[in-house]
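Okay, structure first, notes after.
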Amino acid sequence: MLSRDEQVAAVWETIFSDDVHWLIQRILSFEVSVETVRQTLERHPKSRRESAFQTLLKNRTAHGGILAGGAGRIKNGENGKGIHSRWYPKTIAKRIAAIESVSSKIEFRHADAFGVLEELKSAKNAVFFIDPPYTAGGKRAGSRLYNHSFVDHARLFSIAGEIKGDFLMTYDNAGEVQKMAVEYGFETRAIPMKNTHHAELDELLIGKSFQWMNQTLVEKQ
C-alpha cells in the first residue's frame with residue numbers, strides 16, 4: 001500500500017512519462033457514480049499509472065479533497081451535485097495536457113524540501129513557492145492531512161531569510177508565524193479563504209516584499 005506521499009508522487013511521475021496519455025483517456029472515459037468510485041478506490045493498483053488515477057479520483061471525490069485514509073466522500077457537494085461536483089474530466093484532462101506540453105522544462109523531485117532550498121537559496125534568479133503543513137502555533141490541520149507533518153518552522157524561516165531570489169510562503173494566520181515573519185523582516189498579507197466547512201478564515205501570505213501585489217492591484221483599478 002503506497003503512502004499518501006507516494007500516491008501524490010505517482011501522479012507527477014505519470015504526467016512526466018509516456019503514461020500521461022493513458023491517464024488523460026482514463027479520466028475522460030471514467031463514469032463517475034458512488035459505486036464506480038467505491039470499486040475503483042478499493043482496488044489494489046497494479047501499476048504506477050493506476051495509482052495516479054486512483055489518487056486523482058480520490059482527491060476530486062473526497063470531502064475537501066483530503067487524501068487521508070479516514071476522509072469521507074462528498075455527499076451534497078457544490079450546488080447539490082454530490083459526488084460529481086468536483087469531477088470535471090475535460091478540465092482536469094486539459095490541465096494535465098497543458099503540464100505535459102511543457103514537461104521538458106519541469107523537473108519533479110520527490111525529495112526533502114529543505115535540501116532543495118539549501119541547494120538553490122543563493123541563486124538570484126530562483127523564485128520559491130513554499131506551502132508547508134500548517135502545524136505552527138499549535139495548529140493541527142497539517143498533522144491530519146499529511147503523513148510527514150512535522151516541520152522545523154524556525155529553520156524554514158531562517159533559510160527563507162537567506163534566499164537571494166524571491167519567495168512566497170503561505171501559512172495559517174497564527175501569532176507564532178506573525179512573530180517569526182517580523183523577526184526576519186518579511187512582509188505579510190492576510191488573505192480570506194474558506195475551509196471545507198465553508199467557514200471563512202485568514203491565511204497569511206509571507207514574502208520579502210509585496211510591491212508586485214500592490215502593482216497588480218493598481219493595474220486592475
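Data overview
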| quantity | calculated |
| --- | --- |
| Whole-Hz ³J(HN,Hα) from phi, Karplus 6.51 cos²θ - 1.76 cosθ + 1.60, for segment 168-178, glycine and proline x | 10, 10, 10, 8, 5, 7, 10, x, 4, 5, 4 |
| Length added when fully stretched, F16-V182, from 0.36 nm per residue minus Cα-Cα | 55.8 nm |
| Fully extended contour minus Cα-Cα distance, from K124 to L41, at 0.36 nm per residue | 25.5 nm |
| In nm, spacing of pseudo-spin labels at E6 and E162 (7 Å Cα→C-beta vector) | 3.2 nm |
| Listed peptides 108-121, 158-171 by packing density, highest first (mean Cβ within 10 Å) | 158-171, 108-121 |
| When each of K105/K208; K46/K94; K124/K208; K124/K179; K164/K208 is checked by Cα-Cα distance, pairs over 19 Å | K105/K208; K46/K94; K124/K179 |
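FYI, it's all coordinate maths here, none of it is from the lab. Because the structure is predicted, anything quoted here is derived from the model rather than measured. Cβ atoms come from the backbone with ideal geometry, glycine included; neighbour counts cover every protein chain shown.
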